[in-house]
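Inspection log for the structure reproduced underneath, given as structure tokens.
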Amino acid sequence: MDIWRINLPQPQNVVEALDSILSIEDRARAARYARPSDRAQYKVTHGALRILLGTIAGQNPRAVSFDVNKNGKPRIMDKENVPRFSLSHTRDMGLLAITPRVEVGVDVEFQRPDFPCLEIADRFFSVEESGRLRALSVEAQRGAFFAAWVRKEAWIKAQGESLESLHLLNVGMGQSLREGRWWGADHALGLPAIWLQDVDVATNYAGAVVLNKLDKPVTPLLRYLEWVPGSHYSGG
Ligand SMILES: CC(C)(COP(=O)(O)OP(=O)(O)OC[C@H]1O[C@@H](n2cnc3c(N)ncnc32)[C@H](O)[C@@H]1OP(=O)(O)O)[C@@H](O)C(=O)NCCC(=O)NCCS
């Protein structure tokens, strides 16, 4: 599995070059963002997505077409054996995970100092996780919250589910998952087996990746790559 880190923001000429390979729908979505920085973030991450998937699929980036499931999970449309991917973007960082076959989810978040971590944990985490978070020192709570949050978001993104499922997976509050961990299937809850690993993104960012519906315990090989504008696009 490849995990691409996409540094944001990019210079205006890069944003414009990427804008030129977006679809009409992409541009319409970008235009709906009120802040110019959010519009640019959308254009860069979706441009990079098209370039990388187009390179793998042997397609012009402009020609890659997507559809989405009922919760908004995108996938490449109308082709057999296409790579699976997941995209996440926040502030100055984008992450894109690509796998040859297995469904994947990735999430990155900036660890905002003013984020109401305990309130959000009470709303979306299990009672046990929320309790564990509150039992940590105040200094440890923010890091532990965001580590758990990105694991849960990566998990629902791998499944193409919604935020309502977040509390179902106990993601190891306060533990490090840098080496990754296998979760067997939970048949009672109807949850498939997964691999979950923390992604070391940058200072003050939390990241995680999940591989979904694995049929046997595997330790996936992760390659961390830096996306550099121009290096993977030969179209014109
Ligand atoms: C998908 C979701 C996890 C987004 O998280 P986020 O931290 O806001 O945004 P991220 O940057 O990490 O991810 C966004 C990307 O995930 C992908 N995505 C969107 N919905 C997805 C889903 N259900 N599953 C997997 N991937 C999804 C898209 O590529 C999207 O990129 P885009 O908006 O630029 O097209 C979250 O909004 C969610 O759970 N949505 C599901 C629907 C839902 O519950 N709606 C009610 C919201 S209150």
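The values are calculated or read from the model by the stated rules, or taken from the named source; none is laboratory data. Keep in mind that what you see is a predicted model, and the values were worked out from it rather than measured. Glycine gets a Cβ as well: all are built from the backbone with ideal geometry, and neighbour counts include every protein chain shown.
Remark: Ser88 matches the filter, which requires a residue to be surrounded by 13 or more Cβ atoms within 10 Å (Cβ to Cβ) and either in contact with a His (Cβ under 7 Å, 6 or more places away or on another chain) or in the same structural domain as Val44 (by TED's automatic domain parsing) (or both).
If you go through the range 8-59 and keep only what is away from the ligand (no atom under 14 Å from the Cβ), assigned to a helix (DSSP H, G or I) and in contact (Cβ under 8 Å) with a residue 60 or more places away in the chain, you end up with Val14, Ala17, Ile51, Gly54, Thr55. Take Ser137 and tell me if it is of a type outside the set (A, V, I, L, M) and surrounded by 23 or more Cβ atoms within 10 Å (Cβ to Cβ). No: the conditions fail for Ser137. Is at least one residue of the range 67-74 away from the ligand (no atom under 15 Å from the Cβ), within 19 Å of Gly105 (Cα to Cα), of a type in the set (Val, Ile, Thr) and in contact with a strand residue (DSSP E or B) (Cβ under 9 Å, 6 or more places away or on another chain)? No: zero hits. Put simply, of Lys79, Lys73 the only residue that is at pLDDT 95 or above and over 17 Å from Ile6 (Cα atoms) is Lys73. Screening the candidates Arg151, Arg142 for the property of being part of a helix (DSSP H, G or I), more than 16 Å from the ligand (Cβ to nearest atom) and surrounded by 15 or more Cβ atoms within 10 Å (Cβ to Cβ) yields one hit, Arg142. Counting only strands (runs of 3 or more DSSP E) that sit completely within the range 79-137, those holding 2 or more residues that are more than 10 Å from the ligand (Cβ to nearest atom) correspond to 93-99.
Is it the case that Asp186 is among the acidic types (Asp, Glu) and either assigned by TED's automatic domain parsing to the domain that holds Val68 or without any contact (Cβ under 8 Å) to a residue 12 or more places away in the chain (or both)? Yes. Has the range 222-236 got at least one residue that is in contact with a Phe, Trp or Tyr (Cβ under 6 Å, 6 or more places away or on another chain) and in a loop (DSSP other than H, G, I, E, B)? So far as the range 222-236 goes, yes, one or more of its residues are in contact with a Phe, Trp or Tyr (Cβ under 6 Å, 6 or more places away or on another chain) and in a loop (DSSP other than H, G, I, E, B).
Of all residues in the range 104-162, those satisfying the criterion of being among the aliphatic types (A, V, I, L, M) and touching a residue at least 40 places away in the same chain (Cβ under 8 Å) are Val104, Val106, Val108, Leu133, Ala147, Val150, Ala154, Ile156, Ala158.
Among the criteria (1) assigned to a loop (DSSP other than H, G, I, E, B); (2) within 15 Å of the ligand (Cβ to nearest atom); (3) surrounded by fewer than 16 Cβ atoms within 10 Å (Cβ to Cβ); (4) outside the structural domain of Ile24 (by TED's automatic domain parsing), the one Glu161 does not fulfil is (3).
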